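A.B. asks: This is the structure, below, for whatever I ask next.
The values are calculated or read from the model by the stated rules, or taken from the named source; none is laboratory data. Computed from a predicted model, the values in this text were never measured in an experiment. Counting neighbours? That spans all protein chains shown, and the Cβs are built from the backbone with ideal geometry, glycine included.
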Amino acid sequence: MKLRVGVIISLQWLVSTTIVTGGEGFALSTSSPVVTSRQTTSHEIESVYAAKTISSFDKYKKIHAESIKDPEKYWGDLAKTELDWITPFDDDKILQGDLIKGDVRWFAGGKLNACYNALDRHNPDDLAVIFEGDEPDDIRKITYGEMVDKVSSISNALKAKGVKKGDVVTIYMPMIPELAMTMLACARIGAVHSVVFAGFSAEALASRVLAASCEVVVTADHGLRGGRKLDLKSIVNSAMDIVESTNKDLVKNVLVWERDYKDDSTEEVPYEMKEKDVRMDFLVADQRPFCAPEPMDAEDTLFILYTSGSTGQPKGVVHTTGGYSLYAAQTTKNTFDLAPGDVFACVADCGWITGHTYVVYGSLLNGCTTFMFESTPVYPDEGRYWDMIERHKITQFYTAPTAIRLLMKYGNKALAKYDLSSLKVLGSVGEPINPEAWRWYYEEVGKSEVTVVDTYWQTETGGHIVTNLPGITPMKPGSCTYPCYGIDTVVLDPTNGNIVEPDENGCVEGVLAIRQPWPGIARTCLGDHSRYLTVYLKPYKGYYFTGDSVRRDAEGNHFITGRVDDVINVSGHRIGTAEVESALVLHPAVAQAAVVGKPHDIKGQGICAFCMLKNGYEESPELIQELRLKVRTEVGAFCTPDMIVIAPTLPMTRSGKIMRRILRKIVCGETDTLGDTSTLADPAIVDTIIEKVESL
Ligand code: PRX
């Protein structure tokens, strides 16, 4: 892999696409105004764009106000038009429960199947998936009809291995069509999928399998990335050893897809086969391609997805069949202005929520062609994305600022070689996009003619909650702009929980919360409802708390300014500092560790770990390497610290609490605004740490 800018980012990112709003169903124009000068200022872009969309913007305001005033009408009407129901929901029971009690239910009693909605109801001859593997010539095109047959066979294979409605199936796979198919096969039979990103280590996989009491694991023998083979099966083997050492009989079957399987494959097994392993391709080939979709209650769990928080173990966020499906479908349609025949490319990995909602569910529920990408933006060269857009006539492309910044560093030479005129919408997700990267994306990739949507949301929200809408609401570089339909954002004062009053300029600053439930809101954390309440609903009574701080300007544009908890965002990956710290203290040399985020040109944030060693251990390049390795093996390579600082002690209060705030300031070079250090047990340590960091 050529990496001229000398940076390796954890690249889950590819691209994506869209849909059209329910509501009034007005025709959406996707084109932004033509802004001729490459030097156009953000302000000019905004005003030109705003002028062209003003009437739509008024419509947005009207629909948004209605959706907030009467959410049951708004979502109830949409649920009827956007989804097919086996048993209709009761019009009196569209929304039950509230954010105070934490018992939100949407459409409960209504029955539907998410897989049926995503596949069976569409034209069988339309293209459902275009897959492009690590090598640009590794392409597969799969129609909706073929998807129904294959997913049905996989459903029967899962059933044959004892998977029943409500069982959790862990999926640890590369970005190949079989990953999406396995997710949908679970949905078809009412099993709950738990996809674990294939960059996580064996330990991390094992802890997720154990936490979900999962009896069946689905994997593939290997993945391919940037010309390298990733031996996933060995990682699964190690994970299964760990699982067995805790609960010997938990996992009954490990179903293994083979990358090089052909219909006429020989019986030779291309990996070390263990007792519980089943050759998935052969098992599936033996099944009938028919499996009736299981009628599921709207509130039945569709999937769980583990995500990081500020403390302890990752949380298994629970999403439901009805509410999540509707929210995924509606946001894909609106945000990306989807139209029939669109080729929607979200280049995220299905191991993260973006892959769930925008590679699989949102796009397929809308019947468009979804693009799945296995490789990286710079393999075989930095023109990969642009080449794919030209070859597949991609209409919507969805990636993360980290990839945009990386490609921007390469300059425009590769871009100039390709015809990107198929593009209608460019999307950004995962972290704030800095105006410089926004401008490059808009002006150079989109030729100032394609709307850039900056989509703000979270694993827990199921889909976008704040974003501009193509042709409807104005763009604003660096801002995710306005709340989505049905989302009632408020800015709260973290000191007292009150709604912040605008300052003399009409701006407000505080933490971002949401005042009323929407269908895509996560309902609970698997097996730990009290944690769900504590993290999201109790901090500010009656609100869903996002964990992000925000500034909102006088026009109502939202600017996300960062997490207020101990979560950092590296290349769009959400990482709990506690997870990295727990890994570091497992090394025998480490007495204590504190991890903070550090600004990074490409990744947004990098990981900086401060470690205090036990007596008898000394700093050495070898030890630093071992510590990095420890994090890789305990959590995953994408969490490897960028910088490890060995400190004689950490800045602690007299009661023993590490003051990460001070470490954060030091790594950000803000040593002149350290604030009060008098509560530290040893204030002199601050200067020692500053000197150490400056010497690195
Ligand atoms: O801090 C926000 C940031 O990513 C967090 C959610 O991470 P995760 O659950 O992994 O989901 C990532 C994909 C949606 C948020 O709390 N974030 C996400 N999108 C944006 C963002 N920050 C600013 N602007 C965004 N567009």
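A.B. asks: Determine, yes or no, whether residue 252 is more than 24 Å from residue 633 (Cβ to Cβ), in contact (Cβ under 8 Å) with a residue 40 or more places away in the chain and basic (Lys, Arg).
C.D. replies: Yes, satisfied.
A.B. asks: Another question about this same structure. Can you list the strands (runs of 3 or more DSSP E) lying wholly within region 528-615 that have 3 or more residues being within 24 Å of residue 488 (Cα to Cα)?
C.D. replies: Because the criterion is at least 3 residues that are within 24 Å of residue 488 (Cα to Cα), the strands (runs of 3 or more DSSP E) in region 528-615 that meet it are 544-552, 558-563.
A.B. asks: Looking for something more than 16 Å from the ligand (Cβ to nearest atom) and charged (D, E, K, R) - is there at least one such residue anywhere in region 312-320?
C.D. replies: Scanning region 312-320, I find no residue that is more than 16 Å from the ligand (Cβ to nearest atom) and charged (D, E, K, R), so the answer is no.
A.B. asks: Looking at the structure I just gave you, is residue 347 in contact with a Ser or Thr (Cβ under 6 Å, 6 or more places away or on another chain) and within 16 Å of the ligand (Cβ to nearest atom)?
C.D. replies: yes
A.B. asks: Looking only at region 451-461, count every residue that is near the ligand (Cβ under 7 Å from one of its atoms) and either more than 16 Å from residue 426 (Cβ to Cβ) or free of Cβ contacts under 8 Å to residues at least 40 places away in the same chain (or both) and tell me the total.
C.D. replies: Summing the residues that are near the ligand (Cβ under 7 Å from one of its atoms) and either more than 16 Å from residue 426 (Cβ to Cβ) or free of Cβ contacts under 8 Å to residues at least 40 places away in the same chain (or both) in region 451-461 gives 5.
A.B. asks: When residues of region 508-527 are filtered for being part of a loop (DSSP other than H, G, I, E, B) and within 21 Å of residue 353 (Cβ to Cβ), how many remain?
C.D. replies: So the count comes out to 9.
A.B. asks: Quick one: residue 422 ticks every box in (1) out of contact with any Phe, Trp or Tyr (no Cβ under 9 Å at 6 or more places or on another chain); (2) part of a helix (DSSP H, G or I) bar one, so which box is it?
C.D. replies: Result: residue 422 passes all but (2).
A.B. asks: Then there's this: Restricting attention to region 125-137, does a residue exist that is crowded, with 24+ Cβ neighbours inside 10 Å, in contact with a Lys or Arg (Cβ under 8 Å, 6 or more places away or on another chain), not in a strand (DSSP E or B) and not β-branched (Val, Ile, Thr)?
C.D. replies: Checking region 125-137: not a single residue is crowded, with 24+ Cβ neighbours inside 10 Å, in contact with a Lys or Arg (Cβ under 8 Å, 6 or more places away or on another chain), not in a strand (DSSP E or B) and not β-branched (Val, Ile, Thr).
A.B. asks: Just to be sure before I move on: is residue 641 in contact (Cβ under 8 Å) with a residue 40 or more places away in the chain, closer than 30 Å to residue 401 by Cβ and assigned to a loop (DSSP other than H, G, I, E, B) in the structure I sent?
C.D. replies: Yes.
A.B. asks: Just to verify a result, which residue in region 400-423, among those that are touching a residue at least 60 places away in the same chain (Cβ under 8 Å) and in contact with a strand residue (DSSP E or B) (Cβ under 9 Å, 6 or more places away or on another chain), is farthest from the ligand (Cβ to nearest atom)?
C.D. replies: Only one residue fits best here, namely 422.
A.B. asks: Restricting region 481-495 to residues that are under 13 Å from residue 469 (Cβ atoms) and out of contact with any Pro (no Cβ under 8 Å at 6 or more places or on another chain), which is farthest from the ligand (Cβ to nearest atom)?
C.D. replies: The extreme case among them is 485.
A.B. asks: Can you pull out the residues in region 581-601 that are more than 16 Å from the ligand (Cβ to nearest atom), surrounded by fewer than 21 Cβ atoms within 10 Å (Cβ to Cβ) and touching a residue at least 40 places away in the same chain (Cβ under 8 Å)?
C.D. replies: Matches in region 581-601: 582, 586, 587, 592, 601.
A.B. asks: Considering each of 505, 468 in turn, give the residue that is part of a loop (DSSP other than H, G, I, E, B) and farther than 21 Å from residue 329 by Cβ.
C.D. replies: None of the others qualify; the one that does is 505.
A.B. asks: Let me ask something else about it. From the residues in region 520-545 that are among the charged types (D, E, K, R) and under 13 Å from residue 98 (Cα atoms), which one is nearest to the chain's Cα centre (by Cα)?
C.D. replies: Filtering first and then ranking leaves 523.
A.B. asks: When you go through (1) at pLDDT below 95; (2) surrounded by fewer than 24 Cβ atoms within 10 Å (Cβ to Cβ); (3) within 12 Å of the ligand (Cβ to nearest atom) one by one for residue 578, which number turns out not to apply?
C.D. replies: Result: residue 578 passes all but (3).
Matching residues to (1) β-branched (Val, Ile, Thr); (2) out of contact with any strand residue (DSSP E or B) (no Cβ under 8 Å at 6 or more places or on another chain); (3) within 24 Å of residue 479 (Cβ to Cβ):
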| residue | (1), (2), (3) |
| --- | --- |
| 354 | yes, no, yes |
| 368 | no, no, no |
| 425 | yes, no, yes |
| 430 | no, no, yes |
| 433 | yes, no, yes |
| 440 | no, yes, yes |
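A.B. asks: Could I ask something else about it? Please enumerate the residues belonging to region 550-574 that are in contact with a Phe, Trp or Tyr (Cβ under 8 Å, 6 or more places away or on another chain), under 18 Å from residue 634 (Cβ atoms) and of a type in the set (A, V, I, L, M).
C.D. replies: If the condition is that a residue be in contact with a Phe, Trp or Tyr (Cβ under 8 Å, 6 or more places away or on another chain), under 18 Å from residue 634 (Cβ atoms) and of a type in the set (A, V, I, L, M), then 570 is the only one that fits.
A.B. asks: Taking region 655-683 only, how many residues are in contact (Cβ under 8 Å) with a residue 12 or more places away in the chain and in a helix (DSSP H, G or I)?
C.D. replies: 8
One line per residue, one yes/no per condition, for (1) in a helix (DSSP H, G or I); (2) modelled with pLDDT under 95:
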| position | (1), (2) |
| --- | --- |
| 219 | no, no |
| 236 | yes, no |
| 240 | yes, no |
| 270 | no, yes |
| 281 | yes, no |
| 292 | no, no |
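Listed here are the residues, each with its yes/no results for (1) β-branched (Val, Ile, Thr); (2) within 16 Å of the ligand (Cβ to nearest atom); (3) surrounded by 24 or more Cβ atoms within 10 Å (Cβ to Cβ).
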| residue | (1), (2), (3) |
| --- | --- |
| 434 | no, yes, no |
| 449 | no, no, no |
| 463 | no, yes, yes |
| 477 | no, yes, no |
| 497 | no, no, no |
| 513 | no, yes, yes |
| 522 | no, yes, yes |
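A.B. asks: Determine, yes or no, whether residue 324 is under 30 Å from residue 579 (Cα atoms), in contact with a Cys (Cβ under 6 Å, 6 or more places away or on another chain) and not charged (D, E, K, R).
C.D. replies: Taking the combined requirement at face value, the residue does not satisfy it.
A.B. asks: Which residues, taken from region 138-149, are touching a Pro at 6+ places or on another chain (Cβ under 8 Å), aliphatic (A, V, I, L, M) and part of a helix (DSSP H, G or I)?
C.D. replies: Across region 138-149, the qualifying residue is only 148.
A.B. asks: How many residues are buried (at least 23 other Cβ atoms within 10 Å of the Cβ) and in contact with a helix residue (DSSP H, G or I) (Cβ under 7 Å, 6 or more places away or on another chain) when one looks only at region 205-215?
C.D. replies: Of the residues in region 205-215, 3 are buried (at least 23 other Cβ atoms within 10 Å of the Cβ) and in contact with a helix residue (DSSP H, G or I) (Cβ under 7 Å, 6 or more places away or on another chain).
A.B. asks: When you scan region 223-236, how many residues do you find that are surrounded by fewer than 20 Cβ atoms within 10 Å (Cβ to Cβ) and closer than 19 Å to residue 277 by Cα?
C.D. replies: Residues in region 223-236 being surrounded by fewer than 20 Cβ atoms within 10 Å (Cβ to Cβ) and closer than 19 Å to residue 277 by Cα: 3 in total.
A.B. asks: Go through the residues of region 289-296 one by one and say whether even a single one is aliphatic (A, V, I, L, M), touching a helix residue (DSSP H, G or I) at 6+ places or on another chain (Cβ under 8 Å) and under 17 Å from residue 182 (Cβ atoms).
C.D. replies: No; the residues of region 289-296 include none that is aliphatic (A, V, I, L, M), touching a helix residue (DSSP H, G or I) at 6+ places or on another chain (Cβ under 8 Å) and under 17 Å from residue 182 (Cβ atoms).
A.B. asks: So, in region 150-168, of the ones that are hydrophobic (A, V, I, L, M, F, W, C) and part of a helix (DSSP H, G or I), which residue ends up nearest to residue 188 (Cα to Cα)?
C.D. replies: 151
A.B. asks: Then there is this: Within region 647-654, identify whether any single residue is assigned to a loop (DSSP other than H, G, I, E, B), more than 22 Å from residue 314 (Cα to Cα) and touching a Cys at 6+ places or on another chain (Cβ under 8 Å), and answer yes or no.
C.D. replies: Among the residues of region 647-654, at least one is assigned to a loop (DSSP other than H, G, I, E, B), more than 22 Å from residue 314 (Cα to Cα) and touching a Cys at 6+ places or on another chain (Cβ under 8 Å), which makes the answer yes.
A.B. asks: Residue check: is residue 405 part of a helix (DSSP H, G or I), modelled with pLDDT of 95 or more and surrounded by fewer than 24 Cβ atoms within 10 Å (Cβ to Cβ)?
C.D. replies: In short, no.
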